[in-house]
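Beneath this line is the structure, given in structure tokens, with notes to follow.
Values in this text are rule-based calculations from the coordinates and carry no lab data. Fair warning: this is a prediction, and the values are worked out from it, not measured in the lab. Backbone-built Cβ (ideal geometry, glycine too); neighbour counts: all protein chains shown.
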Amino acid sequence: MAASGNSVRLTKLIDSFTTLQQAFEDYKEKADKKIYILATLLEKETARTNELEERIKFLEEDLGVELDEQDPLKEGEDVNNEGEQERGAEDGSNGVNNTNMEGRDIEMDDEARRENEAALRAEQVKVHTHSKPLKNLLEISLLHLMGLSTLVPRHMPTYPYMMDWPKDPLTQKPLLRFDWDKKFDAKVNADGVKDVLTYMRTYGVTKVPLVKAALEYLTDEELQERLLDRLQYIAREKRKADQDSLDEEDSGIARATHNSRAKAVLDSRIRKRANSQYKDSKYDSAFILNAMSDYEDDPQQDDKKPTVYLRCPPDYRSDLKLQGCCL
């Protein structure tokens, strides 16, 4: 029993040692990676520092300016750098051969900085233009200048061509109107866009205090672009709603016309049913509006004669039902 207990403990000890060894290997691998990364970064920073020191030396020689004795870069100069300066003085180059290279480096740094600044500004513009305070100000401005209570596209007023221009009932000033079928840079809409922008700049902070940061950051062009996005959305949705309304109206007229013709046929058949074999109630389903055949154009219509419409029953109707259609 004792031997068996020692064997179990030895097995556990071996397992623990194996686990510890594996953990150590993993830690060592991670540490090696971090050391490699740090060494690489240190090498790059050292090279960068040396490059800056060389540029400073060139400026000292070219401009006749010397750094303060306590400047860390001045104190960090080594013998090798001094030797390079002496060699440059001996061959008369004085570092001029590196001028073009250094100029290109500076230009590249400036270009990278400008790109970063542009990317940062674009991100900030996106944040401000899509902020809730600016959205609220857009809606408040349009509602006030147009004299509306809602900006639902299908309810937006049309441009008052050949009509009296609507006015504010309190101030009697003309209300803002847009021609939703034309572009917003067209003359008929351009002045209205400017009026909205002016109102936003003038009363924006008063109406929506939280919009101050956006108005201060955005240029007039960026603010106008956001306004145009909103107006174009309204115009697009209004045109779609107007077209749907026309389609629905046309469909309603066509349906009403069809139903009126079918109703006339049905009334005629109901009158004739009393003296026919279809008086029994089992034929009631044949004398309803939906059972009337549709009117179709005569394929052999003569253009010189009045229009004739044909009623063609479907093929699936029985002979008995077709006889009823002849009433």
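Some values worked out for this structure:
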item	result
Förster radius 25 Å - calculated FRET efficiency between Gln232 and Ala122, Cβ distance, rounded to 0.05	0.75
Full-extension gain in nm, Lys135 to Leu59, via 0.36 nm per residue minus C-alpha separation	22.1 nm
Efficiency of FRET from Cβ geometry, Asp280 and Lys305, R₀ 45 Å, rounded to 0.05	0.65
Nitroxide proxy distance, nm - points 7 Å out along Cα→Cβ at Asp164 and Thr49	8.4
Within straight-line cross-link reach of Lys279, lysines at Cα separation under 26 Å, skipping those fewer than 8 residues along the same chain	Lys263, Lys321
Rounded FRET efficiency, nearest 0.05, which uses the C-beta distance separating Thr19 from Glu221 and R0 of 56 Å	0.30
Two-site label geometry, Thr198 and Glu111: point separation in nm, points 7 Å out along Cα→Cβ	4.4
Dipole axis of the stretch 117-171 (+1 Lys, Arg; -1 Asp, Glu on Cβ), positive-most option in Met162, Met146, Leu134	Leu134
Anisotropy class of the stretch 157-229 from Cα gyration tensor, a/c 1.5 cut	oblate
Between the stretch 34-62 and the stretch 203-234, the Cα center-to-center distance that results, in Å	46
Proximal lysines to Lys28, defined as alpha-carbon separation beneath 29 angstrom and excluding residues fewer than eight positions away on the same chain	Lys12, Lys44
The stretch 147-224: chymotrypsin sites (Phe, Trp or Tyr not before Pro) in DSSP loop, at most 10 other beta carbons within 10 Å	Tyr161
